[in-house]
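Worksheet: the structure to be examined is printed underneath.
The values are calculated or read from the model by the stated rules, or taken from the named source; none is laboratory data. Model, not experiment: these values are computed from the prediction. No Cβ is skipped: glycine too gets one built from the backbone with ideal geometry, and neighbour counts run over all protein chains shown.
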Amino acid sequence: MPDNRGVADDVLSISNLVKTYRRAGKEVRAVDGVALAVAPGEFVAVQGPSGCGKTTLLLVAGGLLRPDGGRVAVGGDDPYALSAEGRARFRAARIGFVFQQFHLVPYLSVLDNVLVPSLAEARPGAAARARGLVERFGLGPRADHRPGELSTGERQRVALARALLNEPRLILADEPTGNLDRASAAVVLDHLAEFAKADGAVLLVTHDPWAAQRATRQVRMETGRLVS
């Protein structure tokens, strides 16, 4: 079902989005004509079973996977109109990513992991902001530790702090609570909700109804399409 709410000031707007893969010699539309808009202040959850296209939708929306058709706009701008290098800077400046598997750099400290986005988009005061985020997320005593020395909940908090370093308007979260116990998951969802309330926008993909209930709006995806 198309989402026709989109207006010019939506943080994320996607229209008629299509992404196709070939599997076992057959064409599979992982994303099939999806339209969705996320406005400032919204926390939107996309639910659906494994394999329904949720993660592909998130990757395309985040400028990580070029679509075969349709358009993506973040803050009104199309990341796919940029070169690969320009798109990397665009993502670092505009979008925060939080993944189920954390994707932390194993040989870097907590503080240096939080600073990673500054490598693509350098900003004055990044080091001070990183230290502030480490403290905000209760990781001060762990600032010099490596990811392998952290609990799963602590790793996800590092990933959240990293996502916020460059003060994006949009956070894209792919099953961010999938590896966490309920207490740690609640902390992550609280921070996502807080980000949205501060005029940010969050797009969460999850198969977990409990996590989706924290969103301000829920949609369902099945076989590449939004159905509700």
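Checking A45, A130, A37 one by one, the residue that is buried (at least 22 other Cβ atoms within 10 Å of the Cβ) and closer than 24 Å to E175 by Cβ is A45 and no other.
Tell me whether the range 4-14 contains one or more residues that are more than 22 Å from E194 (Cβ to Cβ), surrounded by 15 or more Cβ atoms within 10 Å (Cβ to Cβ) and modelled with pLDDT under 90. Yes, some residue in the range 4-14 is more than 22 Å from E194 (Cβ to Cβ), surrounded by 15 or more Cβ atoms within 10 Å (Cβ to Cβ) and modelled with pLDDT under 90. Annotation note: Cβ proximity below 9 Å between a residue of the range 55-80 that is under 19 Å from D9 (Cβ atoms) and a residue that is in a loop (DSSP other than H, G, I, E, B) and among the acidic types (D, E) (sequence gap 6+ or interchain) occurs for R71/D78; V72/D78; A73/D10; G75/D9; G75/D10; G76/D9; G76/D10. Out of all the residues in the range 89-127, which are within 20 Å of E175 (Cα to Cα) and surrounded by fewer than 17 Cβ atoms within 10 Å (Cβ to Cβ)? Listed by number, the residues that qualify are Q101, H103, V105. Checking the range 175-191 against the condition returns a match, with at least one residue being touching a residue at least 12 places away in the same chain (Cβ under 8 Å), surrounded by 19 or more Cβ atoms within 10 Å (Cβ to Cβ) and over 20 Å from G138 (Cα atoms). When G86 is tested against (1) in contact (Cβ under 8 Å) with a residue 40 or more places away in the chain; (2) of a type in the set (G, A, S); (3) out of contact with any Lys or Arg (no Cβ under 8 Å at 6 or more places or on another chain); (4) surrounded by fewer than 17 Cβ atoms within 10 Å (Cβ to Cβ), exactly one condition is not met: (1).
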